[in-house]
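Q: Below is one structure. I have some questions about it.
What follows draws every value from the coordinates through simple rules; no lab data is involved. Please read these numbers as outputs of a predicted model, since none were measured by experiment. Cβ sites come from the backbone with ideal geometry, for glycine too, and all protein chains shown count toward neighbours.
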Ligand code: ADP
Ligand code: MG
């Protein structure tokens, strides 16, 4: 049908010069219609998809550049999450670099690090120092002992660790025992590294790089961790809901985020088990060996995405750290890294940094 119209226009052009101009515009118009009908590029393609990755739900709503293809960009995002998990970060996957490092525990030769992993680990160690060990990726043995991830799925499988077991797990933990030298890492016997607190943030950092190449704007979410990229069409801010820890079907705030940013949340409601009337959750205090208990139920942080890779990891690490450190020290930490902070306290009251308050208005 559209070809017929084009044919008609071509005939007119042969016979009548005056119609040339009109025909040109008509052809352009038809061209635009064809593009709109087929969804092909007139500068962009709106693309939405969701799937499971990194133990959580991954979603993307992106405006892809006209030169790209939405499905390909989505595949790239999925591929990145699989690569990070399978060959990088998961302590449970034998083929991953973290699993190999863990297997090298106690070895005098240590383990040779990829540049990428070395960067991530150095940042994590910096965070450990800044938080006096409240954030510590060397608590893997403790995380394995509590095994909250599994207990959250199957509460009957939960076994309360004994104090001796907790002390033994703490004895093989401690970031200050990790040595990185000449691109090799040395960890002591029994130590287990666990990147669970930063995996989604690292992924979103990589997602930023993917979108920078292929998209005009969009949102990528890995569970409750979110990347906003670019400026939404129409000039409106991105709207990001923060879950109410007291009723996870509700939001406690809706943030207006301008431009690119990482929004991350840690809470005692995400993975937990109830045992003898007590809630045991997955964010552990490396000083006590027990789930952190500092009067906080949920922490959210927003960091700009300007420094893409680093800030994805940082926003994720900061929320875990603040949860463990408590409000006072947590606020100081967030300020140091330029993160806006929202804390939901045990009594339901809410703290927001000034910048966060503006976003929530
Ligand atoms: P979620 O993964 O639910 O978003 P977090 O980002 O807060 O929550 O990460 C929690 C995970 O981090 C735990 O499942 C565990 O693997 C790891 N972890 C627990 N406590 C600590 C800690 N004090 N420091 C670093 N990592 C931790
Ligand atoms: Mg985290």
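Q: Can you give the helix-only mean residue ellipticity at 222 nm for the chain, where every DSSP H stretch with n ≥ 4 adds -39500 (n - 2.57) and the sum goes over all residues, rounded to the nearest 500 deg cm²/dmol?
A: Mean residue ellipticity, 222 nm, calculated: -12000 deg cm²/dmol.
Q: Follow-up question, since we're still on this one. In which sequence would 59, 319, 162, 248 go, from the one with the fewest C-beta neighbours within 10 Å to the one with the most?
A: 162, 248, 59, 319
Q: Based on C-alpha coordinates, I'd like the Rg and Dmax of the chain, in Å.
A: Gyration radius and largest Cα-Cα distance of the chain: 25.0, 95 Å.
Q: Test of understanding: ordering 346, 268, 361, 316 by Cβ neighbours within 10 Å, fewest first, what list do you get?
A: 361, 346, 268, 316
Q: So how far apart, in nm, are the two label points at residue 167 and residue 95 if each is 7 Å from Cα heading toward Cβ?
A: Reported label-point gap for residue 167 and residue 95 is 4.2 nm.
Q: Now, a different point. By how many nm would the segment from residue 233 to residue 276 lengthen if fully extended, with 0.36 nm per residue of separation less the alpha-carbon distance?
A: Once the chain is fully extended between residue 233 and residue 276, it gains 10.4 nm.
Q: Under the 0.36 nm per residue contour assumption, what length would be gained going from the current alpha-carbon distance of residue 250 and residue 179 to full extension?
A: The span from residue 250 to residue 179 would gain 21.2 nm if fully extended.
Q: Turning to a different aspect of this structure: Separation of region 37-100 and region 106-169 by C-alpha centroid, Å?
A: If you average the Cα positions of each part, the centres end up 27 Å apart.
Q: Test of understanding: ordering 52, 228, 82 by Cβ neighbours within 10 Å, fewest first, what list do you get?
A: Ordered from fewest to most neighbouring Cβ atoms within 10 Å, 52, 228, 82 come out as 52, 82, 228.
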